[in-house]
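Readers should treat all values here as calculations from the given coordinates under stated rules, not as data from a laboratory. Model, not experiment: these values are computed from the prediction. All Cβ positions, even for glycine, are placed from backbone atoms using ideal geometry, and neighbour counts span all protein chains on display.
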Amino acid sequence: MQVDGIEPALHRLTGTGETLAATWRDGQSGLVAGEAGIGADPLGQAFRAGYDADAAKVRQVADLVPELLLSDGRTGHDAVVDYLAADERSRGAFPGGG
């Protein structure tokens, strides 16, 4: 396996997870502020009847995505480290390989 290109990709993946986590966290106040503007009149109530449940589902999933990206990046990095260590061990097992 050629790992030279993998490490930068994994760093980008974890960087994207970090950026997404910060942006999502910081954006919550804007969402809450916008939702506060939904009126309590009949039109606002009708809107909320469909909006609230869907918004909760979206938030539940969106809350998970940054950590999934971070976890994938960490797991990928660990896999590269394990691969390189196994490659080194196996190279030493062959005559003239170490």
I need a count of the residues in region 72-86 that are within 13 Å of GLU7 (Cβ to Cβ) and surrounded by 13 or more Cβ atoms within 10 Å (Cβ to Cβ). 7
Cβ pairs under 9 Å, 6+ apart or interchain, first in region 20-44 and surrounded by 11 or more Cβ atoms within 10 Å (Cβ to Cβ), second hydroxyl-bearing (Ser, Thr, Tyr), ordered by first then second residue, are GLU35/TYR51; ILE38/TYR51
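Taking into account only those residues within region 44-55 that are hydrophobic (A, V, I, L, M, F, W, C) and more than 15 Å from GLY34 (Cα to Cα), which is nearest to the chain's Cα centre (by Cα)? Spell out the reasoning first.
Taking region 44-55 and keeping what is hydrophobic (A, V, I, L, M, F, W, C), we get 46-47, 49, 53, 55.
Remaining after also requiring more than 15 Å from GLY34 (Cα to Cα): 46, 49, 53.
Numbers: ALA46: 34, ALA49: 30, ALA53: 23 Å.
The residue in question is ALA53.
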Just the residues that are of a type in the set (A, V, I, L, M, F, W, C), assigned to a helix (DSSP H, G or I) and more than 23 Å from ARG74 (Cβ to Cβ), please, taken from region 16-44. LEU31, VAL32, ALA33, ALA36, LEU43
